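Colleague: Have a look at the structure that comes next, please.
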Amino acid sequence: MSVLIFIDQSEGHVKKSSLEALTYGADVAKQLGTTAEGIVLGTVTEDLAALGKYGVSKIHQVSNAALNNVDAQVYASVISEAATATGATVIVFSHNQTGKAVAARVAAKLKAGLVAGACALPNTSNGFSVKKTVFSGKAYAHVNILSAVKVISLNPNSYKTVATEGTAVVEALAVTVNEPKVKITAVNKITGEVPLTEADIVVSGGRGLKGPEHWGILLDLAKELGAATACSRPVGDAHWRPHHEHVGQTGVQVAPNLYIAIGISGAIQHLAGVNRSKVIVVINKDPEAPFFKAADYGIVGDAFEVVPQLTSAIQKMKAGA
Amino acid sequence: MKILVCVSKTPDTTSKIAFTDGNTKFDEAGVQWIINPYDEWYSLVRAIELKEANPAATIHLVTVGNADAEPIIRKALALGGDEAIRVNTDNSDAYYIAAQIAEVAKQGGYDLIFTGKETIDYNGSSIGGMVAELVDSPYISLATKFDLNGTTATVVREIDGGEETAEVTLPVVVSCQKGMAEQRIPNMRGIMAARTKPLKVVEPIAVDALTSIQSFELPPAKAGVKLVAPDNVAELVRLLHEEAKAI
Ligand SMILES: Cc1cc2nc3c(=O)[nH]c(=O)nc-3n(C[C@H](O)[C@H](O)[C@H](O)COP(=O)(O)OP(=O)(O)OC[C@H]3O[C@@H](n4cnc5c(N)ncnc54)[C@H](O)[C@@H]3O)c2cc1C
């Protein structure tokens, strides 16, 4: 019995969402009175032993360069084989793009119950139930896993990373790596941007900004805060912003520490994707905008005046601090 | 070419989310049901476009659900598709559902299986991956583009921090999202035609559900908004820094 955590890497670097998964998996292991181990696939440049500080005692590495790109089928077979070989009874993924591609396949292969989009530690007082978001963030469900082997994929930004002391033993794991049936012909990574689902701060704009040419004030604010940028659906639909920025019920669901909504009315479908944000700030010229009901702080005012002032006030605060 | 499109019934996006029976059941009172938007806007419409380009193709829709799902299937058939299959069960475990779809898929011998990226009620994003595993096909998750040339598909899919272009030979399972197609509105002819399209009901195969929902919970209500005057932006910055500790 052990907990196996899948460590997702991109170009040799371990992702922030995986550090959350490691902390989470280590805490699950503590709950169950067992050990937590990680598994990493592909070529990694980072010091893996140092990941021991998140609570894992061992890291299994399959450093086959053929695994540098994610192929759901190949990954699932490698991870399932590793889980069986290491005697894992709980397998933890991040519910990021990689997790969405792979976790379900692993679950089906091992006939293991899956909770996708978990946001808290399991409750093991009576069985094994895991809290997850449902209705696109409008509610939570507590889901019982009935099978002996269990798969959990953790929502990004919903479990706090805790680093303490410790080093992990890094071991090469011999598993079968099949030839992928999907041939990747091009990879296009957006560099220099904070990934939306991992961002601590998100600055988001709506139709109130009136056109793509007005996004400068929002980008300036985002830059000042080191924030990711997002938008409402009509903004994405009108191609004012790239569609991967569209948040809401039918877009990306985010849960940052701080979500700043500028010129967004706060339609129910928009709120569904953002209401797990810890602090919500709304800037809207209409005092009746529904978003104010879901906000912690608000300014009723014209975004074109307020946003540049906000950026310079933050600059001032930083200079003074 | 045979395409299988998975369709699920979900509450309308404006539905009030509430629970009954001691928070163990979703409160369906007054809820309008729709086709899961990802299934409708992206996977179904893209399948229809593929059939428009290749009229010899057939499209089957599959839903796993009880008879309440039939109006939704008729609505989907009004957009397009040749016939529908409903697997008669109301089990909501992802593995159970995927196993039913995989069974339909094996019986029908499909070249292409489309699902939506996720359903807007359970947000698991897991059916496509599970079906792919159960039928032993490659899986393209979170696809934003899908083009077909003979039996070779060229796809673009979302990956962490960007996108990837790939080629794969059919059969393949694809989960579809924005970018795949544009939403369509059914026309009168489609609606009339849908009435007489075959809708086959099959009983589920025996599979053990691997999860069950114990209870639901609503998030705590917000305490109320603190308003700051627009000419006092510095005060907002102070609050965010000192009180909320968010910046
Ligand atoms: C099935 C379905 C799914 C949907 N999914 C999503 C989704 O995932 N995400 C999403 O966002 N939407 C979604 N929508 C759309 C949603 O219903 C709203 O239409 C949309 O969110 C509105 O976008 P908006 O707030 O940018 O625009 P509007 O509603 O037009 O709001 C613009 C706001 O800007 C304010 N404003 C105008 N000028 C200024 C100014 N100078 N300064 C400050 N404020 C100003 C206005 O007061 C107004 O509140 C969905 C709809 C449906 C039917």
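Laboratory data are not the source of any read-out in this text; all were calculated from the coordinates shown. All values reported here derive from a predicted model rather than from experimental measurement. Ideal geometry is used to build each Cβ from the backbone, glycine not excepted, and the neighbour counts take in all protein chains shown.
Colleague: Which distance in nm do the two modelled labels at A:Ala186 and B:Arg189 give, with both placed 7 Å along the Cα-to-Cβ direction?
Modeller: Going by the 7 Å Cα→Cβ label model, 3.6 nm.
Colleague: Looking at region A:196-320, what % of the alpha carbon pairs are farther apart than 19 Å? Display every interim value, and only then the final one.
Modeller: Working: 3087 of 7750 pairs.
For region A:196-320, the share of Cα pairs beyond 19 Å comes to 40 percent.
Colleague: Using the Cα centre of region B:2-218 as origin and beta-carbon charges of +1 (Lys, Arg) and -1 (Asp, Glu), tell me which of B:Leu4, B:Ala84, B:Ile97 is placed farthest towards the positive end of the dipole.
Modeller: Value computed over the given set: B:Ala84.
Colleague: Averaging sequence separations of C-alpha pairs under 8 Å and six or more residues apart, then dividing by the length of chain A, give the relative contact order as a whole percent. Walk me through the numbers on the way to the answer.
Modeller: Numbers: 707 pairs, mean separation 46.3, N = 321.
That works out to 14 percent.
Colleague: Only counting other Cβ atoms within 10 Å, I'd like A:Met1, B:Met188 sorted with the fewest neighbours first.
Modeller: On the way: A:Met1 12, B:Met188 8.
Fewest-to-most Cβ neighbours within 10 Å comes out as B:Met188, A:Met1.
Colleague: Using a Förster radius of 41 Å, what is the FRET efficiency between A:Asn126 and A:Val162 based on their Cβ-Cβ separation? Nearest 0.05, please.
Modeller: On the way: r = 27 Å, r/R0 = 0.65.
Given R0 = 41 Å and the Cβ-Cβ separation, E is 0.95.
Colleague: Another question about this same structure. What average count of beta carbons from other chains do you get within 10 Å of the Cβ of residues in B:212-222? Before the final figure, lay out the partial values.
Modeller: On the way: counts 7, 7, 10, 7, 6, 6, 4, 7, 0, 2, 7.
Averaged over the peptide's residues, the number is 6.
Colleague: Across region B:214-230, in residue order, what do the Karplus-derived ³J(HN,Hα) couplings come to in whole Hz, using 6.51 cos²θ - 1.76 cosθ + 1.60 with θ = phi - 60° and x for Gly and Pro?
Modeller: 8, 6, 10, 8, 9, x, x, 5, 5, 5, x, 7, 9, 8, 10, 5, x
Colleague: Enumerate the amide H contacts of A:Gly205 below 5 Å, restricted to partners 5 or more residues apart or on another chain; note that Pro and chain-start residues carry no placed amide H.
Modeller: For A:Gly205, whose amide H was placed from the backbone, the distant partners under 5 Å are A:Ala230, A:Cys231, A:Ser232, A:Ile262.
Colleague: Related question: I need A:Cys119, A:Cys231 ordered by Cβ neighbour count within 10 Å, fewest first. If you can, show how the numbers build up before the last one.
Modeller: Numbers: A:Cys119 20, A:Cys231 32.
Ranked by crowding around the Cβ, least crowded first: A:Cys119, A:Cys231.
Colleague: Partner chain Cβ atoms within 10 Å, averaged over the residues of A:6-16 - can you pull that number for me?
Modeller: Numbers: counts 0, 0, 1, 1, 4, 1, 0, 0, 0, 2, 0.
Average per residue, whole number: 1.
Colleague: Please work out the FRET efficiency for the pair B:Leu227 and B:Asp21, using the Cβ-Cβ distance as r and a Förster radius of 51 Å; give the result to the nearest 0.05. Kindly include the intermediate steps, with their values, before the conclusion.
Modeller: Working: r = 39 Å, r/R0 = 0.77.
With R0 = 51 Å, the Cβ-Cβ based efficiency is 0.85.
Colleague: Give me the net charge of B:Ile101's neighbourhood, meaning all other residues with Cβ under 13 Å from the Cβ of B:Ile101; Lys, Arg count +1, Asp, Glu -1.
Modeller: On the way: positive: B:Arg86, B:Lys106; negative: B:Asp39, B:Asp93, B:Glu103, B:Glu133.
Its environment carries a net charge of -2.
Colleague: For an R0 of 51 angstrom, estimate the FRET efficiency from the Cβ-Cβ distance between B:Asp136 and A:Phe304 and round to the nearest 0.05.
Modeller: On the way: r = 56 Å, r/R0 = 1.10.
After rounding, the FRET efficiency stands at 0.35.
Colleague: Students often check this: by mean Cβ neighbours within 10 Å, which of A:276-285, A:253-262 ranks highest, and how do the rest follow? Numbers along the way, then the final one.
Modeller: Values: A:276-285: 23.3, A:253-262: 25.5.
Packing proxy ranking, top to bottom: A:253-262, A:276-285.
Colleague: Among A:Asn126, A:Asn64, A:Asn275, which one moves the most in a GNM of chain A with springs linking Cα atoms closer than 10 Å?
Modeller: Among A:Asn126, A:Asn64, A:Asn275, the largest mean-square fluctuation in the Gaussian network model of chain A belongs to A:Asn126.
Colleague: What aspartates and glutamates sit close enough to B:Lys200 to cross-link, taking a C-alpha to C-alpha distance under 13 Å and skipping anything fewer than 8 places away on the same chain?
Modeller: Partners found: B:Glu70, B:Asp82, B:Glu83.
Colleague: Hey, another quick one. Pick out which of A:Phe291, A:Phe128, A:Phe93 has the largest mean-square fluctuation in a Gaussian network model of chain A, springs linking Cα atoms closer than 10 Å.
Modeller: Sorting by GNM fluctuation, first place goes to A:Phe128.
Colleague: Provide the gained length on full extension for the span A:Met1 to A:Glu46, in nm with one decimal, where the gain is 0.36 nm per separating residue minus the Cα-Cα distance. Before the final figure, lay out each step's value.
Modeller: On the way: separation 45, 0.36 × 45 = 16.20 nm, distance 2.79 nm.
Net length gain for the segment: 13.4 nm.
Colleague: GNM, chain B, Cα, under 10 Å: largest mean-square fluctuation among B:Leu148, B:Leu227, B:Leu218?
Modeller: Greatest mean-square fluctuation among the candidates belongs to B:Leu227.
Colleague: Do the alpha carbons of any pairs in A:Lys181/B:Lys178; A:Lys15/A:Lys278; B:Lys117/B:Lys226; A:Lys132/A:Lys183; A:Lys189/A:Lys285; A:Lys111/A:Lys132 sit beyond 26 Å of each other, and which pairs? Write down the numbers at each step before the final one.
Modeller: Working: A:Lys181/B:Lys178 24 Å; A:Lys15/A:Lys278 22 Å; B:Lys117/B:Lys226 37 Å; A:Lys132/A:Lys183 34 Å; A:Lys189/A:Lys285 36 Å; A:Lys111/A:Lys132 20 Å.
Violating the 26 Å limit, Cα to Cα: B:Lys117/B:Lys226; A:Lys132/A:Lys183; A:Lys189/A:Lys285.
Colleague: Then there's this: For A:Lys223, give me every one of the aspartates and glutamates with a C-alpha distance below 15 angstrom, ignoring sequence neighbours fewer than eight places off in its own chain.
Modeller: Answer for A:Lys223, where 15 Å is the Cα cut-off: A:Glu193, A:Asp200, listed by chain and number.
Colleague: May I pose another question? Considering only DSSP states other than H, G, I, E and B, which trypsin sites (Lys or Arg not before Pro) in region B:143-247 qualify as loop sites with at most 14 other Cβ atoms within 10 Å? If you can, show how the numbers build up before the last one.
Modeller: Working: sites: B:Lys145, B:Arg157, B:Lys178, B:Arg184, B:Arg189, B:Arg195, B:Lys200, B:Lys222, B:Lys226, B:Arg238, B:Lys245; in loops: B:Lys178, B:Arg184, B:Lys222, B:Lys245.
The qualifying sites are B:Lys222, B:Lys245.
Colleague: What is the ratio of the Cα radius of gyration of region B:2-218 to 2.2 N^0.38 Å, where N is its residue count, to two decimals? Kindly include the intermediate steps, with their values, before the conclusion.
Modeller: Working: Rg = 16.8 Å, N = 217, 2.2 N^0.38 = 17.0 Å.
Taking N as the residue count of region B:2-218, the ratio is 0.99.
Colleague: Taking the alpha-carbon set of the protein assembly as shown, what are its Rg and Dmax in Å?
Modeller: So, for the protein assembly as shown, Rg and Dmax equal 23.4, 72 Å respectively.
Colleague: Shifting gears a bit: Taking every residue in B:149-160, how many Cβ atoms of other protein chains lie within 10 Å of its Cβ, on average? Can you show the working numbers first?
Modeller: On the way: counts 0, 0, 0, 1, 1, 2, 2, 2, 6, 5, 11, 18.
For peptide B:149-160, the averaged partner shielding equals 4.
Colleague: Between B:Val202 and residues 5 or more places away or on another chain, which pairs have amide H atoms under 5 Å apart, with H built 1.01 Å from N, and which residues are they?
Modeller: B:Arg86, B:Val87, B:Asn88
Colleague: For region B:1-73, which GluC sites (Glu not before Pro) pass both filters: DSSP loop (anything but H, G, I, E, B) and at most 11 other C-beta atoms within 10 Å? Could you put the intermediate results ahead of the total?
Modeller: Numbers: sites: B:Glu28, B:Glu40, B:Glu49, B:Glu52; in loops: B:Glu28.
Nothing satisfies the criteria.
Colleague: A further question follows. Would you pull out the residues with amide H under 5 Å of B:Lys117's amide H, same chain only if 5 or more places away, H placed 1.01 Å from N?
Modeller: Excluding prolines and chain starts, which carry no amide H, the hits are B:Cys176.
Colleague: Next up: Jot down the per residue volume, in cubic angstrom and as a whole number, of the convex hull over the alpha-carbon atoms of chain A. Before the final figure, lay out each step's value.
Modeller: Values: hull volume 47.4 nm³, N = 321.
Residue-normalised Cα hull volume stands at 148 Å³.
Colleague: Rounded to the nearest 5, what % of DSSP beta bridges with both residues in chain A are antiparallel?
Modeller: Working: 10 of 59 bridges.
Of the beta bridges lying entirely in chain A, close to 15 percent run antiparallel.
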